[in-house]
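Notes for the one structure printed next.
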Amino acid sequence: MYRFGKTLDIERDFTAKMIALHVLTPTKLCLLFGKDMRRQRHGYILNMSSVTAWLAYPGINVYGATKCYLKHFSRGLHTELRDYGVNVTAVCPGAVDTDLYNLNGKRRRLLVRLGIMLPPEKLARRAIHALFRGKAVLVPGLLNRLVLALTPLIPHSVIRRGARRTNILPLHE
C-alpha cells in the first residue's frame, strides 16, 4: 500500500490503513506465531520492508517510516529468536516490477533490463534463499546496495531539490 504525495495532504484514513498494514499487522502476526515458533524451537518469519527504510524522502514519508519500523522490528526479532532456531528476515527491495508505479509495459521491461526494477519472482527466490540462510536483512540488487551505501552522503539540500522537482515541496517558503 503506497501513495505518493505531501504527507499532510494524504487522507487520514489511507494513512491509518497503511500504518495498520505495514506496522500493526506484521507486528501482531510475528508476536502470535513467533511465540509458537520459539516454543517449538524452529520457524521462519519473512517481513517485507523497503530500501525507503533508510531515507526519509518527501512524498513517501509515512510509507518510508512504516518500512523503517518493519526493518528495525524484524532485525531485533531476528536477534531475539535466533538462539531458538527461528529465522527472521527483513527484505528491503527497491522498485519491483508491479503495477504500483503505473508504468507501461515497455518502460517496465526497460527498467528490469537496466536492473532498476526487480521481477517479483526473482525477488521472492532471493528472499526465501536469504530466509533459509538465516540472513537478518536482505537488500537485493547491486544498484540498491550502492544507493544505500551513498545515502548517508546525500546532503538534505539535494533531497529538497528533488522534492521540489516532483512538486512535493513549494519553490518558495
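I'd like to know if the stretch 99-111 contains one or more residues that are open to solvent by 60 Å² or more (accessible area, probe 1.4 Å), under 30 Å from LEU24 (Cβ atoms), outside any helix (DSSP H, G or I) and free of Cβ contacts under 8 Å to residues at least 40 places away in the same chain.
yes
Which numbered condition in (1) at pLDDT 95 or above; (2) of a type outside the set (Lys, Arg); (3) open to solvent by less than 50 Å² (accessible area, probe 1.4 Å) is the only one that LEU31 fails?
(3)
Sort through LEU142, LEU138, LEU148 and tell me the only one that's within 15 Å of CYS92 (Cβ to Cβ), modelled with pLDDT under 90 and surrounded by 16 or more Cβ atoms within 10 Å (Cβ to Cβ).
Answer to the selection: LEU148.
For the stretch 29-69, what are the residues that are within 30 Å of ALA163 (Cβ to Cβ) and assigned to a strand (DSSP E or B)?
ASN47, MET48
If you scan the stretch 22-60, which residues turn out to be of a type in the set (S, T, N, Q) and under 12 Å from the mean Cα position of the chain (by Cα)?
ASN47, SER49, SER50, THR52
When both residues are 6+ apart or on different chains and their Cβ atoms are under 7 Å apart, which pairs have a first residue that lies in the stretch 60-77 and is free of Cβ contacts under 8 Å to residues at least 40 places away in the same chain, and a second that is surrounded by fewer than 18 Cβ atoms within 10 Å (Cβ to Cβ) and among the aliphatic types (A, V, I, L, M)?
So the pair list comes out as GLY64/LEU55; GLY64/ALA56.
Of all residues in the stretch 19-28, how many are open to solvent by 50 Å² or more (accessible area, probe 1.4 Å) and among the polar types (S, T, N, Q)?
Result for the stretch 19-28: 1.
Of everything in the stretch 133-160, what is over 20 Å from PRO119 (Cβ atoms) and in a helix (DSSP H, G or I)? Give them in sequence order.
ARG133, LEU148, ALA149, LEU150, THR151, PRO152, LEU153, HIS156, SER157, VAL158, ILE159, ARG160
To keep it simple, each residue is scored yes or no on (1) among the charged types (D, E, K, R); (2) closer than 19 Å to LEU138 by Cα; (3) loosely packed, with under 12 Cβ neighbours inside 10 Å.
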position: LYS17; (1), (2), (3): yes, no, no
position: ARG39; (1), (2), (3): yes, no, yes
position: GLY43; (1), (2), (3): no, yes, no
position: SER50; (1), (2), (3): no, yes, no
position: TYR69; (1), (2), (3): no, yes, no
position: TYR84; (1), (2), (3): no, no, no
position: VAL88; (1), (2), (3): no, yes, no
position: ALA95; (1), (2), (3): no, yes, no
position: ALA127; (1), (2), (3): no, yes, no
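Name the pairs whose Cβ atoms lie under 7 Å apart, with the first residue in the stretch 139-160 and more than 24 Å from ILE128 (Cβ to Cβ), the second at pLDDT 85 or above and open to solvent by 80 Å² or more (accessible area, probe 1.4 Å), and 6 or more positions between them or separate chains?
THR151/TRP54
The values are calculated or read from the model by the stated rules, or taken from the named source; none is laboratory data. Computed from a predicted structure; not experimentally measured. No Cβ is skipped: glycine too gets one built from the backbone with ideal geometry, and neighbour counts run over all protein chains shown. Heads up: the accessible areas ignore ligands, DNA and RNA and are worked out on the full protein's heavy atoms, side chains in. Shrake-Rupley method; radii C 1.70, N 1.55, O 1.52, S 1.80 Å.
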